[in-house]
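The values are calculated or read from the model by the stated rules, or taken from the named source; none is laboratory data. Owing to the predicted nature of the structure, the values given are computational and were not obtained by experimental measurement. FYI the Cβ positions are ideal-geometry reconstructions off the backbone, even for glycines, and counts take in every protein chain you see. The protein model used for the area step is the full one, side chains on, heavy atoms only, and it has no ligands, DNA or RNA in it. Shrake-Rupley method; radii C 1.70, N 1.55, O 1.52, S 1.80 Å.
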Amino acid sequence: QVQLVESGGGLVQAGGSLRLSCVASGIIFRINTMGWYRQAPGKQRELVASITSGGETKYADFVKGRFTISRDNGKNTVYLQMNSLKPEDTVVYYCNAQIRSSWGSPNVDYWGQGTQVTVST
């Protein structure tokens, strides 16, 4: 069993910052790509940012220059530093990780429970 536990969401004023964290625990052989997604009510979940085990990053256009994704492989943790937050960033953010539980096992997608970010005007 693998669990992803997120933390760091909350309420912030426009222009402020928040840092999300997500820790993976359980039976883990290797964690490949980790990422953050977000989902507004009635809309599809969309990629915010991702980072490979080697440190390659990818960002959605709407967060480029404002958000930074990073990871600590020794702690099985991925972070999302969110700066210059806007009211339209108000959604639930989900952590995702592609994890192999043993040698030869396939990558499995795991998701966190979601953390609410609210940006006030």
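Taking a straight line from the alpha carbon of residue 75, these lysines sit under 25 Å away, with near neighbours fewer than eight places off in the same chain left out: 58. In order along the range 32-46, phi translates into HN-Hα couplings of 8, 5, 10, x, 10, 10, 9, 9, 8, x, x, 10, 6, 5, 10 Hz, rounded to whole numbers, per the Karplus curve 6.51 cos²θ - 1.76 cosθ + 1.60 with θ = phi - 60° and x for Gly and Pro.
Put 28, 51 in order of accessible area, largest first, 1.4 Å probe: what do you get? Kindly include the intermediate steps, with their values, before the conclusion.
Values: 28 50, 51 10 Å².
The most accessible residue leads, giving 28, 51.
Mean separation of Cα pairs under 8 Å and 6 or more residues apart, divided by the residue count, gives the range 14-121 a relative contact order of 34 percent. Could you check how many percent of all C-alpha pairs in the chain are farther apart than 25 Å? For the chain, the share of Cα pairs beyond 25 Å comes to 20 percent.
Calculate the FRET efficiency for residue 52 and residue 7 from the Cβ-Cβ distance with a Förster distance of 25 Å, rounded to the nearest 0.05. Working shown, then result.
Numbers: r = 23 Å, r/R0 = 0.91.
Efficiency for this residue pair is about 0.65.
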